[in-house]
Amino acid sequence: MIRERLAPSLKAAGSALEHSLKAQVYIRGVDNFPDFMDVWSQYFRNIPCAVTLVPAKDYSSTESMLEINLIALKRGAARKKEVVDVDIPALATYGPCLRAGELVFPSGLMAVARDGRVPAADNAAAFDALGLAGYAQGALLHAYAQAVCDAVGVAMGNVVRAQYFLSDMRDFAGVAAAWSHRYGREPHPFAAVQVPRPLPTSAATVVGDFWIYAG
């Protein structure tokens, strides 16, 4: 798909794989994630590109198991692509954070702490009605998004899209509460989508995808 679909499409639009900024990838089942990342790295190991992987249930074609949408710069664009160095644990993100002019695209973020554990995983079920899983994991995702904002010198109010992929939509109440607790009345430009279980980290309930304006 990268070689036969993405590369020709980019060429037709006046771009190329090396100008890629951000990809969202929808894959049927997390068991297929390692094989995908193996192939993805063959093409993008030396071409930094932010990437978010999302488990998906089905597609318009029953034979399909993969869908990729990609944002890229055109050749000769005034904006220049650069990697942003962010202090986020390697296990908590799929890949690098990219900036092109005023737009910043982190890779997908997972609620994995520096010790490799998912916050509140041991107690979440006991506080299901209080949305503990969504709150604890959402708070960590927001802390990581805040780290990206800090790295480019803007406030969290510069998040222009916060997209959450949840294995149980009921957990979004906790994610929203975590945002309100941290940022008060700051607008929360969210989209929430339920996806099949499990997520790549089996104890996790949410993957976060953030776009940031840094103009």
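No value in this document is a laboratory result; all are computed from the given coordinates. Bear in mind that the values here come from a model prediction, so they are computed numbers and not experimental data. All Cβ positions, even for glycine, are placed from backbone atoms using ideal geometry, and neighbour counts span all protein chains on display.
Just to be sure I understand: of the beta bridges DSSP finds with both ends in the chain, what percent are antiparallel, rounded to 5? Walk me through the numbers before you get to the answer.
On the way: 26 of 38 bridges.
The answer is about 70 percent antiparallel.
What list do you get for Thr52, Thr93, Thr62, Thr205 if you sort them by fewest beta carbons within 10 Å? The partial results should precede the final answer.
Values: Thr52 25, Thr93 22, Thr62 7, Thr205 30.
Result, fewest neighbours first: Thr62, Thr93, Thr52, Thr205.
Mind listing the long-range amide H neighbours of Cys97? Cut-off is under 5 Å, sequence gap 5 or more, other chains count too, H placed in the peptide plane at 1.01 Å from N.
Val84, Ser107
I'd like the distance separating the alpha-carbon centroids of region 43-77 and region 149-171, in whole Å.
If we compute the Cα centre of each part, the gap is 20 Å.
Based on the alpha carbon coordinates of the chain, what radius of gyration and maximum Cα-Cα distance (Dmax) apply, in Å?
17.2, 55
List nothing, just return the count: lysine pairs in the chain, 8 or more apart or interchain, with Cα separation under 21 Å.
Close lysine pairs under the 21 Å cut-off: 7.
So how tilted is helix 172-183 from the main axis of the chain? Cα-based, degrees 0 to 90, rounded to 10.
Value to nearest ten degrees: 90.
Using the Karplus equation 6.51 cos²θ - 1.76 cosθ + 1.60 (θ = phi - 60°), what ³J(HN,Hα) coupling, rounded to whole Hz, does each residue of region 26-39 give in order, writing x for Gly and Pro?
Rounded to whole hertz, the list is 10, 10, 6, x, 5, 5, 8, 4, x, 5, 4, 5, 5, 6.
Running a GNM on the chain with Cα contacts under 10 Å, which residue among Asp168, Asp31, Asp115 ends up with the highest mean-square fluctuation?
Most flexible of the set in this elastic network: Asp115.
By how many nm would the segment from Asn69 to His188 grow when fully extended, if each residue of separation counts as 0.36 nm and the alpha-carbon distance is taken off?
Result for the pair: 40.5 nm of gain on full extension.
Order 155-166, 36-47 from most to least packed using the mean count of other Cβ atoms within 10 Å.
155-166, 36-47
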